[in-house]
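A short worksheet on the structure shown next.
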Amino acid sequence: MRLRITLICTLVILLLTGPVVPGRAVRAASPQSSVTAYDLIVAMNALRVSNGYSALIEDSIVNAVAQATAEYMAAYEMSWHIGNVKGRLAAAGYGGGGTVWATENFAVGGSMSIDEIMVVWSDADHMRPATVAAYCHVGAGVAKAANGMTYYVLQAAYTSEHACGEYNYSGPTAEPGSSGSSGGGSQLIIPVVTATPDAEGKIYHEVAFGQSLWSIAIAYHITIKDIEIWNNLSRDDPLQTGQRLFIPSSNTAGYATPTPVGMILPSTPDADGKIVHSVQAYQTLTSIADAYDVTIDTILALNGIQQDWPLQIEQKLLISPGWVTPSPTPRPLTPIEKLTPASDGNYYHVVQSGETLSWIASLYDINVADLLAWNGLAVDSIIQPEQKLLLRVTPPATSTATAAPPTATRQITATHTPRPKTPTYTASPTAPPVTATPTASPAPASSKLVPPLAAIVAAAGLFGLGWLIRKRR
């Protein structure tokens, strides 16, 4: 009895305390952040495209290494890089044995948005995936630590044997392939604190240590070019701590506030109801479709694009074609309607390699027996390529396509060379065509039954008449 009580107490204690895992923290099974790895890639690609480079291609190996990195860092609540990102990627198989160059960004914080993450990565060293043309591939990972902090990792890579562009980076770290800010400093998110308007409604931002044009522009939802123009700055001039920057806003004369990051200002229809949307940074097919209350499939179909194609900044997307009524699709011509009479007024079919008598009869919806009779052929006759076969058919008076609803045409499966539109009229090697009047249509096979049928009807009538006469008697 005591043993049973001891076992029950032990089980209850284990259930209450949970499993014991060595290490500083226990990694959650799945990240709970609203920002996904895909969001990280889209945001970085949006900035890369805005710099005139092609979007980074998502790579399965880079994705796997980035996710494993995020999970490892979350498990040990790290505030520094693991290091040797290019070695980790090469060990995982990236590059197929070639020389690998790579860079790694990470950020860690509590509840955050994609804009806050991009603020952390807004300095020149972390913008390498967006500003270095050589990078080809990208991957990202997200993991949540036991202390509630979420780790975000983005890696970009290329090989010396296959770079997507010239290496033209001129930032603080000139050596290609370094791991971002790989020093021991923490990358905890400290968003730029935006300033409030003064008594005149103007906004001035005081530059703090570590801030850059990237981070300030993102924080105020404006562009770097806006800051440069309104403050008479050059992008090559470094910012100074304590420097005051004028921030243009909707209250600034001569300035129109751009669409906030991540938001979409729907375009108005033109006179014909046509709607065209100009893609901006951070916008995706999902957000654009939601803004216009249409489906993603509709946008894909109207623009002839695929869902996995990256959007380009300033790319024009047709959202609605407007109120223009499309012209009706003309009915396709039948094989008989495509015939052109020869100089003798008759219609002919020029035999092509692989065609048979039964296939030709099926093409024109005629009887094989009629085709044989029109051309003096037997069932076992052999037809040759370029042989002309007489067709005693009468095409419709008008062969011009009309706007009638499409008519289902007979689908015939056969392996043969397509018949030329304008046949060459040469003498048949086996059976010359029979001369006949083109308008004289042969009597259908069923007409041979008319005389016997008439005799039967007449006999039945005489029998009925006799019966009536006999009944009156």
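The values are calculated or read from the model by the stated rules, or taken from the named source; none is laboratory data. Values in this document were obtained by computation on a predicted structure and should not be read as measured data. Because the Cβ atoms are built from the backbone with ideal geometry, glycine has one as well, and the counts that use them run over all protein chains shown. In case anyone asks, the SASA skips ligands and DNA or RNA and just uses the protein heavy atoms, side chains included. Shrake-Rupley method; radii C 1.70, N 1.55, O 1.52, S 1.80 Å.
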If we ask which residues in the stretch 277-289 are in contact with a Ser or Thr (Cβ under 8 Å, 6 or more places away or on another chain) and open to solvent by less than 40 Å² (accessible area, probe 1.4 Å), their number turns out to be 4
### Query
Somewhere in the stretch 171-185, is a residue modelled with pLDDT under 85, farther than 19 Å from Val85 by Cα and either buried (at least 22 other Cβ atoms within 10 Å of the Cβ) or among the β-branched types (Val, Ile, Thr) (or both)?
no
Flag for Tyr292 being over 30 Å from Ala271 (Cα atoms) and either surrounded by 16 or more Cβ atoms within 10 Å (Cβ to Cβ) or out of contact with any Ser or Thr (no Cβ under 7 Å at 6 or more places or on another chain) (or both):
no
query: Do the conditions hold for Ala124, that is, is it without any contact (Cβ under 8 Å) to a residue 24 or more places away in the chain, out of contact with any strand residue (DSSP E or B) (no Cβ under 8 Å at 6 or more places or on another chain) and surrounded by fewer than 18 Cβ atoms within 10 Å (Cβ to Cβ)?
result: no
Among the residues of the stretch 239-283, the number that are modelled with pLDDT under 85, within 25 Å of Asp123 (Cβ to Cβ) and touching a helix residue (DSSP H, G or I) at 6+ places or on another chain (Cβ under 6 Å) is 3
*asked:* Looking at the stretch 91-112, can you tell me whether even one residue there is of a type outside the set (Gly, Ala, Ser), in a helix (DSSP H, G or I), within 14 Å of Val35 (Cα to Cα) and open to solvent by 10 Å² or more (accessible area, probe 1.4 Å)?
replied: no
Within the stretch 52-85, residues being open to solvent by 70 Å² or more (accessible area, probe 1.4 Å) and part of a helix (DSSP H, G or I) number 2
Restricted to the stretch 201-216 and to residues being over 38 Å from the mean Cα position of the chain (by Cα) and more than 12 Å from Ser249 (Cβ to Cβ), the residue most open to solvent (accessible area, probe 1.4 Å) is Phe209
